Amino acid sequence: MVNMYFQIASFFYMLMVLIVFLSKNKVKNFETEIFLFLSLVNMVGIVVDIVLIFFGYYDPYNNTVYLLNKVYLSYIVCWVSLFSLYILKVTVPKTNKEYNKIINRIYLIFTIVSIICIFLLPLNLYNDNNVMYSYGSSITATIVSSAVHVILLIIIVVVNRKKIPYKKYIPILVLMFLCILAFIVRRINPGLLL
């Protein structure tokens with residue numbers, strides 16, 4: 001159960017962030033709404049991860065573990081998609097409503113197709129001496145979907161680099177770098193929880 005310390009700490013950290021965010025008076029706009037939605041999706045993902053690790057240690061070959069793995073992979077795709085959409089909306093100049101509807105539909109369709117692929121494609125579990133991880137086509141679908149979003153974010157940052165101050169892009173660049181680093185580390189050591 002050592003692997004759950006980070007997830008439990010993350011749960012309480014996100015809970016505090018949500019409490020502070022909800023207790024403050026804020027301007028209602030797209031940015032605050034998407035932050036709230038991203039935070040709520042993140043809380044669900046953390047809870048799913050905690051339950052997944054718990055079941056994985058006590059009954060690793062139960063069908064619940066396979067289902068929770070696929071739900072967790074779907075959470076990752078949803079969060080990355082929402083974050084990419086948020087960055088796109090914040091950095092790209094405001095355009096007409098029809099254009100925004102098209103972009104929203106593209107994101108929605110891509111996310112739904114990615115989630116369907118995750119649930120239809122096979123998922124395998126490796127479990128040996130407290131090292132447990134999942135692998136297979138579902139994982140590959142999640143990585144491909146996330147990579148498409150990261151590439152899209154890189155394109156958005158490069159295209160709009162002159163329109164928005166560099167300091168505002170530092171968190172986005174750091175996140176993209178960490179995502180790429182996580183992909184590389186996961187490829188080298190799949191048993192490491194990231």
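The values are calculated or read from the model by the stated rules, or taken from the named source; none is laboratory data. Keep in mind that this is a model prediction, so the values were computed, not measured. Here Cβ is always computed from backbone atoms with ideal geometry, including for glycine, and neighbour counts include all displayed protein chains. What goes into the accessible areas is simple: the full protein's heavy atoms, side chains included, and nothing from ligands, DNA or RNA. Shrake-Rupley method; radii C 1.70, N 1.55, O 1.52, S 1.80 Å.
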What tally of residues in the stretch 130-154 results from selecting those that are part of a strand (DSSP E or B), farther than 13 Å from Tyr72 by Cβ and of a type in the set (Ser, Thr, Tyr)?
1
(1) modelled with pLDDT under 85; (2) under 20 Å from Ile34 (Cβ atoms): which one isn't true of Pro165, the others all being true?
(2)
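Within the stretch 77-92, is even one residue out of contact with any helix residue (DSSP H, G or I) (no Cβ under 9 Å at 6 or more places or on another chain) and more than 27 Å from Tyr13 (Cα to Cα)? Let's see the steps before the verdict.
Initially, the stretch 77-92 is screened for residues out of contact with any helix residue (DSSP H, G or I) (no Cβ under 9 Å at 6 or more places or on another chain), giving none.
Checking the stretch 77-92: not a single residue is out of contact with any helix residue (DSSP H, G or I) (no Cβ under 9 Å at 6 or more places or on another chain) and more than 27 Å from Tyr13 (Cα to Cα).
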Please go through the stretch 57-110 and pick out each residue that is assigned to a helix (DSSP H, G or I), open to solvent by 40 Å² or more (accessible area, probe 1.4 Å), free of Cβ contacts under 8 Å to residues at least 24 places away in the same chain and within 23 Å of Asn127 (Cα to Cα).
Tyr58, Asn63, Thr64, Leu67, Val71
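Out of everything in the stretch 1-24 that is aromatic (Phe, Trp, Tyr) and at pLDDT 85 or above, what residue ends up being least open to solvent (accessible area, probe 1.4 Å)?
Taking the stretch 1-24 and keeping what is aromatic (Phe, Trp, Tyr), we get 5-6, 11-13, 21.
Next, from what is left, pick out any that are at pLDDT 85 or above: 11-13, 21.
Working: Phe11: 54, Phe12: 112, Tyr13: 139, Phe21: 36 Å².
Checked the stretch 1-24; the qualifying residue least open to solvent (accessible area, probe 1.4 Å) is Phe21.
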